[in-house]
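Every number in this text was worked out from the coordinates using simple rules, so none of it is lab data. Everything quoted here is computed from the prediction, not taken from an experiment. Cβ coordinates were reconstructed from backbone atoms using ideal geometry, including for glycine residues, and neighbour counts include every protein chain displayed.
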Amino acid sequence: MEENFPRDAFEDAGYEAAVVGQKTYNGVAILSRTPLEDVSRALPGDASDDQARYVEAATVLDGRMVRIVSIYLPNGNPTDSDRFGYKLKWMERLRRHAARLLANEEPTVLAGDFNVIPEDGDVHDPAAWREDALFRIEVRRRFREILHLGYTDAFRALHRELGRYTFWDYQKGAWQKDFGLRIDHLILSPQSADLLTACDIDKGPRGKPRASDHTPIWCELSV
DNA sequence: ATGCCGGGCGAAGCCCGA
């Protein structure tokens, strides 16, 4: 819930926040050192969808409007449940909206937990994951459809190496064995891809006590 | 083919994640 978000702590640290949350389950946020404007709190295309999985905001940087979209894309497992259909529909809504965002011709970043493993090299054991909702061909196809609109996977644009992950399960010693997944992505519009100077995954936080099962991915855009 | 972790919720044990 937004009222439980530690807004004051972030303000003290110099950040404004755009937050969308719900009890127990989902939540997304954007933090910015510069004022946020034009905040959208839902992914268009289904007014009945009340899951807190989308927030979008713009801010002016160096006199130029920059737009950030923060998402928590549905997991979709099990694939024989309506959760999988919800994921596919959510991705189709995201594609439609991503197409519309291109018309702004702004530096735009689609960021977050996409729950999509793009390719074989993004999972330790592709064969074992083939039928999982994170790797099913229908899901990867929809992810590629978004890229093919003209977006760039920031990490893959700057790194050819395989086996670089953003998530490791808590179970079965996945972290110790480096059995991970690359499912958190920074997806850039042409105008932001033109400014991309660096992108990487920071494994440090995942190794700490009581860590999240995800670890940060970051990128740098420079004029 | 999942629930061996781990967190949230809420005060035990279920639900959920990926």
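Figures for the structure shown
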quantity	calculated
DSSP-assigned coil residues among trypsin sites (Lys or Arg not before Pro) in segment A:172-223, each with at most 13 further Cβ atoms within 10 Å	A:172, A:210
Chain A - mean residue ellipticity at 222 nm from DSSP helices (-39,500 (n - 2.57) per run, n ≥ 4, rounded to 500)	-6500 deg cm²/dmol
Neighbour-count order for A:175, A:168, A:129, fewest beta carbons within 10 angstrom listed first	A:129, A:175, A:168
Length-normalised contact order for chain A - Cα pairs under 8 Å, 6+ apart - percent	15 percent
Acute angle (nearest 10 degrees) that the helix A:137-148 long axis makes with the longest principal axis of chain A, alpha-carbon atoms	30 degrees
Cβ-Cβ FRET estimate between residue A:170 and residue A:5, R0 fixed at 22 Å, reported to 0.05	0.35
In order through segment A:208-213: 3J(HN,Hα) via Karplus (6.51 cos²θ - 1.76 cosθ + 1.60), integer Hz, x for Gly, Pro	7, x, 6, 6, 5, 7
Rounded tilt (10° steps) of A:82-102 against the dominant C-alpha axis of chain A	40 degrees
Sorted by Cβ density within 10 Å, fewest first, the residues A:222, A:212, A:48	A:48, A:222, A:212
Inter-label distance for residue A:125 and residue A:77, nm, one decimal - labels placed 7 Å from Cα along Cα-to-Cβ	1.2 nm
Sequence-distant residues sharing a close amide H with residue A:183 (under 5 Å, placed H)	A:166, A:167
Proximal lysine pairs, chain A, alpha carbons under 22 Å, eight or more residues apart or interchain	5
Built amide H within the under 5 Å cut-off of residue A:61, gap 5+	A:66
Karplus (6.51, -1.76, 1.60) ³J(HN,Hα), θ = phi - 60°, over segment A:181-188, in Hz, Gly and Pro reported as x	9, 9, 10, 9, 10, 10, 10, 10
Two-site label geometry, residue A:145 and residue A:37: point separation in nm, points 7 Å out along Cα→Cβ	3.4 nm
Ranking of A:201, A:71, A:187 by count of other Cβ atoms within 10 Å, fewest first	A:201, A:71, A:187
